[in-house]
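Working notes, beginning with the structure itself.
The values are calculated or read from the model by the stated rules, or taken from the named source; none is laboratory data. None of the values given here were measured: they were computed from a predicted structure. With ideal geometry, Cβ positions are generated from the backbone for all residues, glycine too; neighbour counts draw on all protein chains shown. All accessible areas refer to the heavy atoms of the entire protein, side chains included, with ligands and DNA or RNA removed. Shrake-Rupley method; radii C 1.70, N 1.55, O 1.52, S 1.80 Å.
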Amino acid sequence: MPLAARFHARIGEIPQADWDALHDGRSPFVAHAFLQALEHAGCIRPEWGWQAHHLGLYENGRLVAAAPLYLKGNSHGEFVFDWSWAAAYERAGGDYYPKLLNAIPYSPITGPRLLAGAGPLAPVLQRALIQAMRDEADHLGLSSVHANFLPDTDAEAFDEDWLCRTDVQFHWHNLGWHSFDDFLAALNHKKRKNIRQERARVAATGLQLEWRAGHSLDLDEWRRVHALYQATFDAKGNHAALTPAFFTGLRDMGETAQLALARDGDTLVAMALFLRGTDTLYGRYWGAIEEVPGLHFELCYYRGIEYAITHQLKRFEPGAQGEHKLARGFLPVRTHSRHYLADEGFRSAVHTALLREAEAIDDYADELASHSPYADRSR
C-alpha cells in the first residue's frame with residue numbers, strides 16, 4: 001500500500017469530513033472543529049510555543065490516516081513534564097526545542113492520537129503514522145517526538161524505540177446510579193458525611209447555582225465566563241492560553257460545552273467549564289472572583305457527577321492531578337505516553353530514569369488504591 005506523508009501548517013488544509021471520518025467521534029478534543037477553533041481563535045501560535053504540523057497519510061490522494069501534530073518551542077500546555085530532560089539535553093550542548101508533539105493542546109485528556117479508522121488496516125496505518133513522525137523528526141534534525149495521553153489501542157502501536165511513561169489521574173465511573181444520593185450511598189460513612197456537609201455550606205450562602213448548555217449562553221455571558229477563567233489564571237501567576245474568541249466559539253458547538261455557574265444576584269461569581277463526549281464528561285476550567293468555601297468542589301465535581309448520572313454517562317474526568325478528588329468518589333487511573341529521543345545515549349539515560357520513576361508511580365498508585373472512598377473496596 002503506497003502511502004504519502006504530508007504535513008499541514010493548518011488543520012483547515014484537511015477537509016473536516018475527511019479528518020472526522022478517521023475517528024469514532026466519542027472525544028470532542030480530537031474533532032476537527034475543536035482543533036480548528038484553537039487555531040482560529042489564536043491559541044496556537046509560535047510565540048507561545050505551538051506551531052501546527054498536522055500529519056496526513058494519503059493513498060492515491062485520499063486521506064487514510066492522520067495525527068494531530070505540533071512543533072513545540074517549549075513544554076508549556078502539555079501536562080507530561082519533560083523540563084528536566086530539556087535542561088539535561090541542553091547542558092550537553094544540544095537543542096531540545098523544537099520537538100514534535102502528538103497531542104491535543106492544553107488538554108491532559110486521554111483519547112485517540114493515531115487516527116486510522118476502524119478497519120482491519122488500522123494497526124498498519126497507525127504504525128505508518130508513527131514511522132512518519134519519527135522520519136520527520138530525523139529529517140528536521142529534531143531532538144524528539146512525544147505522544148501524550150494515549151489510549152491503550154494507540155500505545156500498543158509504538159515499538160521499543162519509544163520510551164514508556166505513565167502517570168496517575170482521578171476519574172469517576174458511573175456504576176449505574178440513578179441519583180446523586182445513590183452515588184453517596186456507595187461511599188463509606190465518613191466520605192458521605194463530608195460531602196453532604198460541603199454541599200450544605202454552599203447551599204447556605206444563598207448563591208444561585210445553575211447548569212447551562214454552552215449554546216444557551218449569550219455572547220456577553222461567555223465573555224464573563226472567560227473573564228473568570230482569566231482572573232483565576234492571573235491570580236496564580238499562570239498564562240491563560242485560551243482566548244476570549246475560543247470561549248465564545250464554544251457557543252457554536254451544540255451540546256459539547258457545558259457549564260456550572262454561580263451567581264450572586266446578577267453577578268456571575270464562579271464557573272466550571274466542561275466538555276461532553278459521547279459517554280464521558282470532561283472537566284476543564286474553573287474560574288471565580290469570590291472565595292467561597294466548598295464552591296469549587298460543588299461546581300467542578302458534584303455538579304459534574306450529577307450531570308453524568310442524569311445523562312447516563314459512563315465516566316467523568318475532572319482534569320489533571322489532585323489527590324483531594326479521591327475523597328469525592330474519583331479513583332486513580334493510569335495515563336500513558338510514548339517518547340522517541342533521537343540521540344541513543346540520551347535515550348538510554350532517560351530510559352534508566354524512567355524505570356526509577358515507574359517504580360515510584362507504581363508505589364503511589366498502590367497507596368492510592370488502598371484509600372478507596374467506597375464502602376465496597378472492590379469498586
For region 178-229 and region 324-379, what is the centre-to-centre distance using only Cα atoms, to the nearest Å? 29
Would you work out which of Pro332, His371, Gln312 lies farthest towards the positive end of the dipole of region 308-379? Charges go on Cβ: Lys and Arg +1, Asp and Glu -1. Gln312
Helix 189-203 versus the longest principal axis of the chain: what is the Cα-based angle in degrees, 0 to 90, to the nearest 10? 80
What distance in nm separates the simple spin-label points at Ser84 and Ala118, each placed 7 Å from Cα in the Cβ direction? 4.1
In this structure, the FRET efficiency calculated for Glu13 and Ala375 from their beta-carbon separation, with R0 = 51 Å, to the nearest 0.05, is 0.45
Quotient of Cα Rg and 2.2 N^0.38 Å for region 146-262, N being how many residues it contains: 1.47
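Going from most exposed to least, what order do Arg113, Arg338 have by accessible area with a 1.4 Å probe?
Arg338, Arg113
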Can you tell me the length gained on complete extension of the stretch Glu210 to Glu47, counting 0.36 nm per residue apart and subtracting the Cα distance? 54.9 nm
Given a 1.4 Å probe and the protein chains all in place, what does the accessible area of Asp181 round to, in Å² to the nearest 10? 100
To the nearest 10 degrees, how steep is helix 344-369 against the longest Cα principal axis of the chain, on a 0 to 90 scale? 20
Would you work out what percent of the accessible area of the chain, with all protein chains in place, is carbon or sulfur (probe 1.4 Å)? 50
Rounded to the nearest 10, the angle in degrees between the Cα long axis of helix 219-235 and the longest principal axis of the Cα atoms of the chain comes to 80
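What is the sum of charges, Lys and Arg at +1 and Asp and Glu at -1, for the other residues whose Cβ falls under 9 Å from the Cβ of Gln51?
On the way: positive: Arg45, Lys72; negative: none.
Summing Lys and Arg as +1 and Asp and Glu as -1 gives +2.
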Could you give the length gained on full extension between Val333 and Cys164, defined as 0.36 nm per residue of separation minus the Cα-Cα distance, in nm? 59.2 nm
At 1.4 Å probe size, with every protein chain present, just tell me what the per residue accessible area of region 100-164 comes to in Å². 36
Per GNM of the chain with C-alpha springs under 10 angstrom, the most fluctuating residue out of Ser107, Ser337, Ser216 is Ser216
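So, counting K/R as plus one and D/E as minus one, what does the shell of residues with Cβ under 12 Å around Asp182 add up to?
Details: positive: Arg192; negative: Asp181, Glu306.
Here the charged neighbours net out to -1.
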Counting helices only, and only those DSSP H runs with n ≥ 4, report the 222 nm mean residue ellipticity of the chain as the sum of -39,500 (n - 2.57) divided by its residues, in deg cm²/dmol to the nearest 500. -10000 deg cm²/dmol
Expressed in angstrom and ordered largest first, the alpha-carbon extents of region 102-156 along the principal axes are 33, 27, 15
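Using 0.36 nm per residue, how much length does the chain from Ala186 to Ala353 gain when fully extended, once their Cα-Cα distance is taken away? Don't skip to the answer; put the middle values down first.
Numbers: separation 167, 0.36 × 167 = 60.12 nm, distance 3.98 nm.
Full extension of this stretch gives 56.1 nm more.
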Give, as a single signed number, the net charge of other residues whose beta carbon lies under 15 Å from the beta carbon of Tyr364, with Lys and Arg counted +1 and Asp and Glu -1. -4
